[in-house]
Ligand code: PEP
């Protein structure tokens, strides 16, 4: 059976004091459960703090971005090897804020995905459509284009060490959530795209839903057959909410 995963995306939030309180609460309250993974993806400067605070807990940690290059004259960039050296496990690639605000192309996202894997990190690949694209009926085409860019560049075998997150852009930070059946529809489509290339890997890859997941809607989303957990933004900054969402994934 494929694993479940709940990953928090703190985005550009946090402070030493606030992180310490949040991490201590998560460490105290989240128990190791077979088949369920938890992770927090923090801003770069706090990764060392996160690693130290979570030592000995079942909660892994990750970054929110990585360079597509391994080393060199790339001012301001952080390589996968640097992250790995500190014990980083996950990295989010292709988040819609990176695509939309920083102009990351499908090809660049694919290059970042591969750089993460070269360094031994597990990429969480985000795909998803804008409201305009959904209203035009282009959801499947957009998701297929984003996913195919990675599958074509990295090969389907790369899915053995990756998670995919379906994040409709219109649901991120807006309080609007995809209904469980909307999420299931796209998740099923994503799994079928992977299955066209490799059925076993498609059955095994975890597909997370992200977009205004809260304690009040997590259970019904995670109950869908192809929803294997969540990528959680705002609610991952509130210990009670993140714990409740993790518990919903575990039940
Ligand atoms: C996200 O940042 O990936 C996200 C899903 O945010 P939110 O849960 O706040 O919508």
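The values are calculated or read from the model by the stated rules, or taken from the named source; none is laboratory data. On a predicted model such as this, the values are computed, not experimentally measured, just so you know. Because the Cβ atoms are built from the backbone with ideal geometry, glycine has one as well, and the counts that use them run over all protein chains shown.
Looking at 239, 202, just one residue is over 26 Å from residue 107 (Cα atoms) and touching a helix residue (DSSP H, G or I) at 6+ places or on another chain (Cβ under 6 Å), and that residue is 239. Applying the condition of being touching a strand residue (DSSP E or B) at 6+ places or on another chain (Cβ under 7 Å) and closer than 11 Å to residue 184 by Cβ to region 195-221 and asking which residue is surrounded by the most Cβ atoms within 10 Å (Cβ to Cβ) yields 209. Considering 136, 145, 98, the condition of being surrounded by fewer than 21 Cβ atoms within 10 Å (Cβ to Cβ) and closer than 29 Å to residue 52 by Cβ is satisfied by 98 alone.
Going by the structure shown, is residue 48 assigned to a helix (DSSP H, G or I), free of Cβ contacts under 8 Å to residues at least 60 places away in the same chain, surrounded by fewer than 16 Cβ atoms within 10 Å (Cβ to Cβ) and more than 14 Å from the chain's Cα centre (by Cα)? The answer is yes for residue 48.
Taken over region 70-104, the criterion of being part of a loop (DSSP other than H, G, I, E, B) and touching a residue at least 24 places away in the same chain (Cβ under 8 Å) is satisfied by 70, 78, 79, 86, 87, 88, 89, 94, 95.
In region 142-181, what residues are in contact with a helix residue (DSSP H, G or I) (Cβ under 8 Å, 6 or more places away or on another chain) and without any contact (Cβ under 8 Å) to a residue 24 or more places away in the chain? Residue satisfying the conditions is 142 alone. No other residue among 215, 180, 168 is modelled with pLDDT of 95 or more, more than 23 Å from residue 118 (Cα to Cα), within 15 Å of the ligand (Cβ to nearest atom) and more than 17 Å from the chain's Cα centre (by Cα) apart from 215. Looking at 194, 238, just one residue is within 12 Å of the ligand (Cβ to nearest atom), at pLDDT 95 or above and more than 15 Å from the chain's Cα centre (by Cα), and that residue is 238. If you go through region 28-53 and pick out every residue that is closer than 17 Å to residue 83 by Cα and touching a strand residue (DSSP E or B) at 6+ places or on another chain (Cβ under 8 Å), you end up with 8. Is it the case that some residue within region 67-85 is more than 16 Å from the ligand (Cβ to nearest atom) and within 17 Å of residue 232 (Cα to Cα)? Checked against the condition, which is being more than 16 Å from the ligand (Cβ to nearest atom) and within 17 Å of residue 232 (Cα to Cα), region 67-85 yields no hits at all. Here is the figure for region 6-40: residues that are at pLDDT below 95 and touching a helix residue (DSSP H, G or I) at 6+ places or on another chain (Cβ under 8 Å) total 2.
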